[in-house]
Amino acid sequence: MQHALILINPHSRNGSEDALQEAIETLKSGGFEISVKETESEDHLITLIENYEREDGVIVLAGGDGTISTGLEAIHKYQRTMAIFPLGTANDLARSLGVPEDLIAAAQVMVDGKRERISLGKVNNHFFVNVAHIGLGVDVTRELSSDSKKWFGVLAYLGAFFKAIKRNKSFKVHIKTDDWQNSSRAIHLAVGNGRYYGGGNIVDQRSTLVNGQLHLFFIKPRPWWQLLLLGPNLRDGALANERHIVRHSAQHFSIYTSKPKELEADGEFKTTTPVEFEIIPEAIEAIVGDIPTDSGDV
């Protein structure tokens with residue numbers, strides 16, 4: 001019988017107790033032996049992962065993207081198999097892994113047992129799985145509150161975006177890879193490892209968690225009302241020519257700004273510029289559903 005340790009973040013429960021219990025029963029019926037722990041802090045979550053003794057077991061992170069991001073380094077270090085019960089607002093990693101937001105359906109994904117080794121991003125020695133931001137993305141995160149996400153869900157991101165773009169300022173950025181470099185003014189820069197961010201926006205139509213590439217884009221300065229016109233391109237990760245959006249894919253990026261800028265990844269502050277990005281292909285094993293595929297030919 002396979003063992004699963006379910007680590008629940010009690011502060012990010014987006015769903016009923018009944019649904020969670022039904023999901024646990026689905027796992028038991030599917031042949032899993034279950035242990036459940038509520039996490040008390042980020043350090044407690046990491047300690048529970050470090051002390052998990054079932055090397056062939058599965059660690060189920062039950063929470064939002066922030067909860068998952070907190071556990072990444074320990075999961076990678078100890079090479080644990082990861083699964084997800086999406087309990088957050090955005091649940092972008094769940095989308096990238098093809099895991100449904102419905103908890104019972106997410107449990108069935110675990111029972112089905114499809115596994116993939118997925119990549120992780122690393123920025124100045126900090127792990128991330130979805131996307132890292134400089135500029136507008138950081139301002140959007142600051143505008144979000146726990147209450148707004150609780151009451152308005154994904155729509156809270158849209159409201160925060162409208163507030164942030166009206167006061168966002170541009171910055172000078174220089175980007176280098178092995179075969180490409182670019183210097184420009186920008187109002188927003190993002191580097192994605194996963195496919196989704198911000199409640200379902202696509203980083204890049206080519207982005208997946210299994211293609212071994214980081215996908216960068218930045219937005220050149222525009223009046224706030226013109227930024228709204230870029231919304232569909234940004235939402236869909238469109239590759240069509242758009243002179244105000246610059247895109248590039250690589251395994252490594254060096255990024256410098258004229259003044260130090262805060263960088264957030266997976267919704268959490270990580271470091272300040274200058275930054276070095278790298279990708280770690282096939283970094284951890286995850287239980288997945290139908291992973292969205294590269295649609296760069298669309």
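Other residues with beta-carbon under 10 Å from the beta-carbon of ARG117 carry, at +1 per Lys or Arg and -1 per Asp or Glu, a net charge of -2. Scalar couplings 3J(HN,Hα) for segment 72-86, obtained by applying the Karplus form with A = 6.51, B = -1.76, C = 1.60 to θ = phi - 60°, are 4, 4, 5, 4, 5, 4, 9, 6, 8, 7, 10, 9, 10, 10, x Hz; x denotes Gly and Pro. Around the amide H of ARG115, modelled in the peptide plane, lie the amide H atoms of VAL288, all under 5 Å away and 5 or more residues distant in sequence or on another chain. At 7 Å along the Cα-to-beta-carbon direction for both SER183 and HIS3, put a label point, then send me their distance in nm to one decimal. Placing both labels 7 Å beyond Cα along the Cβ direction yields 5.7 nm. Cross-linked pairs LYS172/LYS259; LYS122/LYS270; LYS122/LYS172; LYS37/LYS122; LYS176/LYS259: Cα-Cα separations exceed 20 Å for LYS122/LYS172; LYS37/LYS122. Neighbours of PHE277 by Cβ distance under 13 Å: Lys/Arg scored +1, Asp/Glu scored -1, total 0. Measuring from a point 7 Å past the Cα of HIS76 along Cα-to-C-beta, which residues in segment 95-128 have an amide N at less than 19 Å? Once the point is set 7 Å along Cα→Cβ of HIS76, 96-97, 116-128 turn out to lie under 19 Å by backbone N, inside segment 95-128. Rg and Dmax of segment 2-113, based on Cα coordinates, read 12.5, 34 Å.
Readers should treat all values here as calculations from the given coordinates under stated rules, not as data from a laboratory. Given the structure is predicted, the values throughout are model-derived calculations rather than measurements. Here Cβ is always computed from backbone atoms with ideal geometry, including for glycine, and neighbour counts include all displayed protein chains.
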